[in-house]
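One structure is given below, encoded as structure tokens.
The values are calculated or read from the model by the stated rules, or taken from the named source; none is laboratory data. Being a predicted model, the structure only gives us computed values, none of them experimental. Please note: Cβ atoms are built from the backbone with ideal geometry, for glycine as well, and neighbour counts cover all protein chains shown. The area values use the complete protein model at the heavy-atom level, side chains included, leaving out ligands, DNA and RNA. Shrake-Rupley method; radii C 1.70, N 1.55, O 1.52, S 1.80 Å.
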Amino acid sequence: MQFNVAQLLKETVGAKRDHQIDEKFEPEEEGVLTISGPVHLVRTRRGIYVRTHLTGTARGTCSRCLKPIVYPIELEIDEEYLQRVDVTTGMPIQVDVPEEEGQFSIDERHTLDLSEAVRQYGTLALSMKPLCRPDCPGLCPQCGRELGLEHVGCGQEAIDSRLSILEQLKAAGDQPA
Ligand SMILES: [Zn+2]
Ligand SMILES: [Zn+2]
């Protein structure tokens, strides 16, 4: 996810490059698995503007039924990477934006590294609550099993409180004296 942008930095504002990324990750547990899509770079006055719409997959757990799942994610990265070194002279460029957190820069070798942005946007995408399927009914508060068609037998399905009292009375009445 590193692009050498030395040539693009020599061009005029508005000059463009298109790249494609196709990355695989191996998260230990939950995390981004794959990410791919076009990366558009545009020369700006202060550096290079990066615009991407990446799609991919992540491994996680369904936020309702807690099943392990692989689900789709999307990352829309829109960031300006500031130029800090002149591409011809190698001299530092004074920019009015300090090198603070959240502001990306092109390094002194004119490499624009997308990894950190992908990591940050990826973390955001992972914090969305994924579902194993859109209508996942979740878990039964009574027995902890998955609700739905196959969920029968724990008594949670159709108990109405009056009926439940009757059943308790009946059960008590059945006890041997
Ligand atoms: Zn689920
Ligand atoms: Zn149940």
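Restricting Leu66, Leu54 to those that are within 16 Å of ligand 2 (Cβ to nearest atom) and under 18 Å from the mean Cα position of the chain (by Cα) reduces the list to Leu66. Residue-level check: of (1) closer than 12 Å to Leu9 by Cβ; (2) open to solvent by 40 Å² or more (accessible area, probe 1.4 Å), Thr57 misses just (1). Among all positions in the stretch 74-85, there is at least one residue which is open to solvent by less than 60 Å² (accessible area, probe 1.4 Å) and among the basic types (Lys, Arg). Only a single criterion out of (1) away from ligand 2 (no atom under 13 Å from the Cβ); (2) at pLDDT 75 or above is not satisfied by Leu147, namely (1).
Restrict the check to the stretch 96-116 and report whether at least one residue is within 16 Å of ligand 1 (Cβ to nearest atom), open to solvent by 40 Å² or more (accessible area, probe 1.4 Å) and closer than 30 Å to Lys24 by Cβ. Within the stretch 96-116 (the criterion being within 16 Å of ligand 1 (Cβ to nearest atom), open to solvent by 40 Å² or more (accessible area, probe 1.4 Å) and closer than 30 Å to Lys24 by Cβ), the answer is no, since none of the residues qualifies. Scanning the stretch 9-27 turns up no residue that is open to solvent by less than 70 Å² (accessible area, probe 1.4 Å), out of contact with any strand residue (DSSP E or B) (no Cβ under 7 Å at 6 or more places or on another chain) and touching a residue at least 40 places away in the same chain (Cβ under 8 Å).
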